[in-house]
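The values are calculated or read from the model by the stated rules, or taken from the named source; none is laboratory data. Quick caveat: nothing in here was measured; it's all calculated off a predicted structure. We place every Cβ from the backbone using ideal geometry, glycine too, and count neighbours over all the protein chains shown.
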């Protein structure tokens, strides 16, 4: 469980109700809850989408696609029902934020789901929780039941006529603990009771999604942010962040960091300041060796590359990705070959096996890195590992193949000398094994 922490540089928007008992609906209402949904119902879909576009809110699950623009892709008229799907399958290693939202502020997710439904004309929303988050399902289901009891969900929401008023239903569902269903099309397959494997695109979910109907899929943090955007106003929310990256982001600081935890900071916040001021620097006063900036699927950054702002554009220009906001700090006593092996072992285990490049590629990478770390590799293996990773990129139905290949390429390219030091039976230079203390 990540720690509920605080720092003076934080701008508390999404976390503004954390620790105040907002999981109880009456407290949530006292703190301004459901006012944004009432306003959205009054103003209508066009107003909602325009405010979301003005906010600069980009998807907090990893891709960073503009939320308002995504919602605008849903056709206004559809022969099939429309759906809102909240992706709470937070399975990315190093990522530890969404379950804090479900734990402390579940009604924000429910309210955001209602608003998304009003924006696209949907009558049903699904909140999909990670399989390992079963301890949260009771909290979320209780919050949904309380929202029904208040008349915020069901037929004729917020005091409307049950026959002619707006209807919106919310269903809570958990997965079976598979990383793959974090991918939007695999998530829909899972909800439909099928094996959680990706679909071929196009068609895209906004046109043909859940049960064949137009579907909006957003990360839990994105949806929980929506009521705050409408309460503040889109322009005001955008002004908090950086250019083209509106608002704040929940960053999970973990690894070899003095003060691990989840912090809400403005988009574009300095990565160096995040590590050394917010996080208190590298644990034990050690030197910084590398940083994973956005969860384990994002390419590693070196110490000389951390003078960047933490938003989608700046991290992208630095050769990595902001991803899910999981910042993993790595100290100078860490074996990067072992770190690469641990990373690929996770993706090899979680590959659904649907695509041959991913299924076979992750397996061969794991075998190669296992042999290499044991000291039985050859110089050619380094090039083969890079070749394998490069040939997995862009050749699978979903991004899991890329998620495995991108960090592997980063490790090989930036720490090639360390790989070479493992050759011909030489022991690992870092004899003292150090665990990554992921919060």
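In this structure, is residue 345 surrounded by fewer than 17 Cβ atoms within 10 Å (Cβ to Cβ), assigned to a helix (DSSP H, G or I) and at pLDDT 90 or above? If you could, list the steps in order and put the result at the bottom.
Numbers: surrounded by fewer than 17 Cβ atoms within 10 Å (Cβ to Cβ): yes; assigned to a helix (DSSP H, G or I): yes; at pLDDT 90 or above: yes.
Yes.
Would you check which residues across the stretch 362-373 are farther than 14 Å from residue 407 by Cα and without any contact (Cβ under 8 Å) to a residue 40 or more places away in the chain and list them? Before the answer, list the steps.
As a first pass, look at the stretch 362-373 and keep what is farther than 14 Å from residue 407 by Cα: 363-364, 367-368, 370-373.
Across the stretch 362-373, the qualifying residues are 363, 364, 367, 368, 370, 371.
Residue 80: assigned to a loop (DSSP other than H, G, I, E, B), loosely packed, with under 14 Cβ neighbours inside 10 Å and in contact with a helix residue (DSSP H, G or I) (Cβ under 6 Å, 6 or more places away or on another chain), yes or no?
Against the criterion (assigned to a loop (DSSP other than H, G, I, E, B), loosely packed, with under 14 Cβ neighbours inside 10 Å and in contact with a helix residue (DSSP H, G or I) (Cβ under 6 Å, 6 or more places away or on another chain)), residue 80 qualifies.
If we scan the stretch 296-306, do we find a residue that is over 20 Å from the mean Cα position of the chain (by Cα) and more than 16 Å from residue 415 (Cα to Cα)?
Yes, the stretch 296-306 contains at least one residue that is over 20 Å from the mean Cα position of the chain (by Cα) and more than 16 Å from residue 415 (Cα to Cα).
Whether any residue in the stretch 41-52 is more than 15 Å from residue 152 (Cβ to Cβ) and either modelled with pLDDT under 95 or in contact with a strand residue (DSSP E or B) (Cβ under 9 Å, 6 or more places away or on another chain) (or both) is what I want to check.
Yes, because at least one residue in the stretch 41-52 is more than 15 Å from residue 152 (Cβ to Cβ) and either modelled with pLDDT under 95 or in contact with a strand residue (DSSP E or B) (Cβ under 9 Å, 6 or more places away or on another chain) (or both).
Look at residue 359 and say whether it is free of Cβ contacts under 8 Å to residues at least 24 places away in the same chain, in contact with a helix residue (DSSP H, G or I) (Cβ under 8 Å, 6 or more places away or on another chain) and either surrounded by fewer than 23 Cβ atoms within 10 Å (Cβ to Cβ) or within 19 Å of residue 414 (Cα to Cα) (or both).
no
What is the one condition in (1) within 23 Å of the chain's Cα centre (by Cα); (2) crowded, with 23+ Cβ neighbours inside 10 Å; (3) outside any loop (DSSP other than H, G, I, E, B) that residue 323 does not satisfy?
So the condition that residue 323 fails would be (3).
Can you tell me which condition residue 63 does not meet? The list is (1) crowded, with 18+ Cβ neighbours inside 10 Å; (2) within 18 Å of the chain's Cα centre (by Cα); (3) part of a loop (DSSP other than H, G, I, E, B), and all the others hold.
(1)
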